[in-house]
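Student: Take this structure first; my questions come after.
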Amino acid sequence: MQLPVNELFPTLQGEAHWTGTPATFVRLQSCPIGCPWCDTKHTWSLNPADQIRGVEMMAKEKDAPTYAMVDAEDLVQLVEQNQSKHVVFTGGEPCTYDLTEVTERLLKKGYRSQIETSGTFPVRCTYLTWVTVSPKVDMPGGYKLLPSAIERANEIKMPVGRPADIDKLRGVLAMREVSCEVWLQPLSTSPKATALCIEEARKNDWRVSIQTHKFIGVR
Ligand code: SF4
């Protein structure tokens, strides 16, 4: 199966459980969720006219809606060009695709996979893949959270901008039978949202995820 790869690059995971971990980020193209504050809107559409060759995708220097179709074997070879043992599938919404084959191939080669998803699509990957669900509730795309995706999460990383987001988080956690790591991530790293996250984390024994990569000048 081929996957539309917008970009593939080495960096540090800057958020939640794996913060500080050197990682290869694989950004997949397309997302129908429509979050107004999305900082990767260039990944939303999957337009055949934007398809480029793999070498061109790897040479990209600016955000653009262009993507290359890459099969699982070739994707592993691209990952092998970096030294990181951690691979993060992000987007876009990576769970619009079946990631079973590529995560299996990576596992066999000794890599750890992580998926960052909105929780609105089935999560298809190896059972050892770390799944980060960043729940997107009541977004313009109209997609509902999937109970199976919420249950599969190893961590819930909630984008928080106002108190109503904490209520939404409680609704998400009520969908799970067992607890998992809960992270509050201040929207746009605003001081007001950060203060709210700290306050709620204290009260509920949750954690605060700061987008650390934005402070150290890596993307
Ligand atoms: S789910 Fe992620 S990629 Fe999709 S619109 Fe929301 S923030 Fe953007």
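The values are calculated or read from the model by the stated rules, or taken from the named source; none is laboratory data. Remember, predicted model here, so these are calculated numbers, not experimental data. Positions of Cβ are backbone-derived with ideal geometry, glycine not excepted, and every protein chain shown enters the neighbour counts. Heavy atoms of the whole protein, side chains included, go into the accessibility calculation; ligands, DNA and RNA do not. Shrake-Rupley method; radii C 1.70, N 1.55, O 1.52, S 1.80 Å.
Student: Counting only residues that are small (Gly, Ala, Ser) and open to solvent by less than 30 Å² (accessible area, probe 1.4 Å), how many does the stretch 139-164 have?
Tutor: Within the stretch 139-164, residues that are small (Gly, Ala, Ser) and open to solvent by less than 30 Å² (accessible area, probe 1.4 Å) number 2.
Student: I would also like to ask the following. Return a yes/no flag: does the stretch 32-49 have any residue that is modelled with pLDDT of 95 or more, more than 16 Å from the ligand (Cβ to nearest atom), open to solvent by 20 Å² or more (accessible area, probe 1.4 Å) and in contact with a strand residue (DSSP E or B) (Cβ under 8 Å, 6 or more places away or on another chain).
Tutor: No; the residues of the stretch 32-49 include none that is modelled with pLDDT of 95 or more, more than 16 Å from the ligand (Cβ to nearest atom), open to solvent by 20 Å² or more (accessible area, probe 1.4 Å) and in contact with a strand residue (DSSP E or B) (Cβ under 8 Å, 6 or more places away or on another chain).
Student: Does Met139 qualify as being within 16 Å of the ligand (Cβ to nearest atom), out of contact with any strand residue (DSSP E or B) (no Cβ under 7 Å at 6 or more places or on another chain) and of a type in the set (A, V, I, L, M, F, W, C)?
Tutor: yes
Student: The conditions are (1) open to solvent by 20 Å² or more (accessible area, probe 1.4 Å); (2) without any contact (Cβ under 8 Å) to a residue 60 or more places away in the chain, and Lys136 fails exactly one of them. Which is it?
Tutor: For Lys136, the failing item is (2).
Student: Inspect the stretch 78-95 for any residue being more than 26 Å from Val172 (Cα to Cα), without any contact (Cβ under 8 Å) to a residue 24 or more places away in the chain and part of a loop (DSSP other than H, G, I, E, B) and give the result as yes or no.
Tutor: Checked the stretch 78-95: at least one residue is more than 26 Å from Val172 (Cα to Cα), without any contact (Cβ under 8 Å) to a residue 24 or more places away in the chain and part of a loop (DSSP other than H, G, I, E, B).
Student: Same structure, new question: In this structure, is Arg27 on the phi < 0 side of the Ramachandran plot, among the charged types (D, E, K, R), surrounded by 18 or more Cβ atoms within 10 Å (Cβ to Cβ) and modelled with pLDDT of 95 or more?
Tutor: Taking the combined requirement at face value, the residue satisfies it.
Student: In addition: Out of the residues in the stretch 103-129 that are in contact (Cβ under 8 Å) with a residue 60 or more places away in the chain and under 20 Å from Trp18 (Cα atoms), which is surrounded by the fewest Cβ atoms within 10 Å (Cβ to Cβ)?
Tutor: If we take residues in the stretch 103-129 being in contact (Cβ under 8 Å) with a residue 60 or more places away in the chain and under 20 Å from Trp18 (Cα atoms), then Gln114 is surrounded by the fewest Cβ atoms within 10 Å (Cβ to Cβ).
Student: Could you list all residues from the stretch 14-29 that are within 15 Å of Ile115 (Cβ to Cβ) and within 16 Å of the ligand (Cβ to nearest atom)?
Tutor: Glu15, Ala16, Phe25, Val26, Arg27, Leu28
Student: Turning to a different aspect of this structure: Got a sec? Which of Asp205, Asp167 is without any contact (Cβ under 8 Å) to a residue 12 or more places away in the chain and either open to solvent by less than 30 Å² (accessible area, probe 1.4 Å) or closer than 13 Å to Pro135 by Cβ (or both)?
Tutor: Values: Asp205 fails: either open to solvent by less than 30 Å² (accessible area, probe 1.4 Å) or closer than 13 Å to Pro135 by Cβ (or both).
None of the other options fit; the residue is Asp167.
Student: Answer yes or no: is there a residue in the stretch 33-45 that is closer than 27 Å to Thr120 by Cα, touching a residue at least 60 places away in the same chain (Cβ under 8 Å) and not hydrophobic (A, V, I, L, M, F, W, C).
Tutor: So far as the stretch 33-45 goes, yes, one or more of its residues are closer than 27 Å to Thr120 by Cα, touching a residue at least 60 places away in the same chain (Cβ under 8 Å) and not hydrophobic (A, V, I, L, M, F, W, C).
Student: Any chance the stretch 170-179 includes a residue that's under 17 Å from the mean Cα position of the chain (by Cα) and either open to solvent by 50 Å² or more (accessible area, probe 1.4 Å) or modelled with pLDDT of 95 or more (or both)?
Tutor: no
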